[in-house]
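Colleague: One structure, as structure tokens, below. Some questions next.
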Amino acid sequence: MGKIISVSFNLTWARPVYVGDAERLDTTIEGPADAIRWMRYRFKFKQGTAYWRAQTLCHSALLQEVHQDFARQPFFDAWLEESHL
């Protein structure tokens, strides 16, 4: 028989991250689940250390393996790197 894995899709960060395209920061990323969705659908290049670190920590946060706020800065770093490519 399988094991039930608890996933906390509703986790939010203490402070959201504001992201966007070009000069407009028009999207609010509230937590790890939003960050994963943003990276999946908005990142053109799904590669690099910053991207994989953000993915790993966001998934770990949803699985309650790390505190959700530990995934915030890595997501911001990945977004910043992506926006400069």
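The numbers here are math on the coordinates, done by the rules we state, and not lab data. Because the structure is a prediction, the values reported are computed rather than measured. All Cβ positions, glycine included, derive from the backbone under ideal geometry; neighbour counts span all protein chains shown.
Listed here are the residues, each with its yes/no results for (1) hydrophobic (A, V, I, L, M, F, W, C); (2) in contact (Cβ under 8 Å) with a residue 24 or more places away in the chain.
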| residue | (1), (2) |
| --- | --- |
| V19 | yes, yes |
| A22 | yes, no |
| T28 | no, no |
| W38 | yes, yes |
| T56 | no, no |
| F70 | yes, no |
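Colleague: Quick one: count up the residues across segment 14-46 that are in a loop (DSSP other than H, G, I, E, B) and surrounded by fewer than 10 Cβ atoms within 10 Å (Cβ to Cβ).
Modeller: 6
Colleague: Same structure again: Which residues, taken from segment 47-73, are of a type in the set (A, V, I, L, M) and assigned to a helix (DSSP H, G or I)?
Modeller: Filtering segment 47-73 for residues of a type in the set (A, V, I, L, M) gives 50, 54, 57, 61-63, 66, 71.
Once the filter is applied, which keeps residues that are of a type in the set (A, V, I, L, M) and assigned to a helix (DSSP H, G or I), segment 47-73 yields A50, A54, L57, A61, L62, A71.
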